[in-house]
């Protein structure tokens, strides 16, 4: 999962770097050739986009550093952590769900991916099989019991 995250961040960094070094300078040069820059909306838009791309690149580089640090931190072997697949039972409805705990950038609720930073991710983090968690949501509250935990260590080939 960490490798997937590195690849995803790397791809976005590569695309934005290309835009910053190739595409935007061309757009700025075309806008400058049009004349009066004070009233040139293309020039202003290109400069604004350049600032946005620079800011996003800074964020991505920071996040890539964080991901690399996560890779060096040992994930728990006996409780819910990053990369864990968790089967839970809703105590009230008796329905079961399976979630995979991922980084925020990889979150996809339809695929059962939840972020460590989400309310559910925080509630499940560091919990063990058999523990119950109470979760407060805008639509109400839920009580879940952890039935199974497959950590990232169990999932490695």
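What follows is calculated from the coordinates using simple rules that are stated; it is not laboratory data. All values reported here derive from a predicted model rather than from experimental measurement. Note that we place each Cβ from the backbone using ideal geometry, even for glycine, and neighbour counts take in every protein chain shown.
Sort 36, 108 so that the residue with the fewest other Cβ atoms within 10 Å of its own Cβ comes first and the one with the most comes last. Don't skip to the end; give the middle numbers.
Working: 36 7, 108 11.
Result, fewest neighbours first: 36, 108.
Fewest to most neighbouring Cβ within 10 Å: what's the order for 141, 115? Spell out each step's value before the answer.
Details: 141 9, 115 19.
Neighbour counts put them in this order, fewest first: 141, 115.
At 7 Å along the Cα-to-beta-carbon direction for both residue 59 and residue 134, put a label point, then send me their distance in nm to one decimal.
In this crude label model, residue 59 to residue 134 measures out at 3.5 nm.
Using alpha carbons only, how many degrees (0 to 90, rounded to 10) separate the axis of helix 41-72 from the longest principal axis of the chain?
Compared with the principal axis, the helix lies near 30 degrees.
Who wins for biggest fluctuation among 14, 39, 92 in a Gaussian network model of the chain, springs between alpha carbons below 10 Å?
39
When 41, 84 are ordered from fewest to most other Cβ atoms inside 10 Å of their Cβ, what list results? Display every interim value, and only then the final one.
Values: 41 9, 84 25.
Going from least to most buried by this count: 41, 84.
Give the Rg/Rh ratio for the range 24-157, taking Rg as the radius of gyration of the Cα atoms and Rh as the Kirkwood radius, to two decimals. Each step should come with its number before you reach the end.
On the way: Rg = 22.6 Å, Rh = 18.0 Å.
Rounded to two decimals, Rg over Rh is 1.25.
To the nearest 10 degrees, how steeply does helix 2-18 sit against the main Cα axis of the chain, on a 0 to 90 scale?
10 degrees
Tell me, in nm to one decimal, what length is gained between residue 38 and residue 111 on full extension, where the rule is 0.36 nm per residue of separation less the Cα-Cα distance?
Numbers: separation 73, 0.36 × 73 = 26.28 nm, distance 4.86 nm.
Result: 21.4 nm gained on full extension.
Using only alpha-carbon positions, what ratio does the radius of gyration of the range 2-72 give when scaled by 2.2 N^0.38 Å?
Values: Rg = 15.8 Å, N = 71, 2.2 N^0.38 = 11.1 Å.
Dividing the Cα Rg of the range 2-72 by 2.2 N^0.38 Å gives 1.42.
What is the angle, in °, between the Cα long axis of helix 24-33 and the longest principal axis of the Cα atoms in the chain? Nearest 10 is fine, range 0 to 90.
Helix 24-33 sits at roughly 30 degrees to that axis.
Jot down the per residue volume, in cubic angstrom and as a whole number, of the convex hull over the alpha-carbon atoms of the range 85-155.
Details: hull volume 6.6 nm³, N = 71.
Value for the range 85-155: 93 Å³ per residue.
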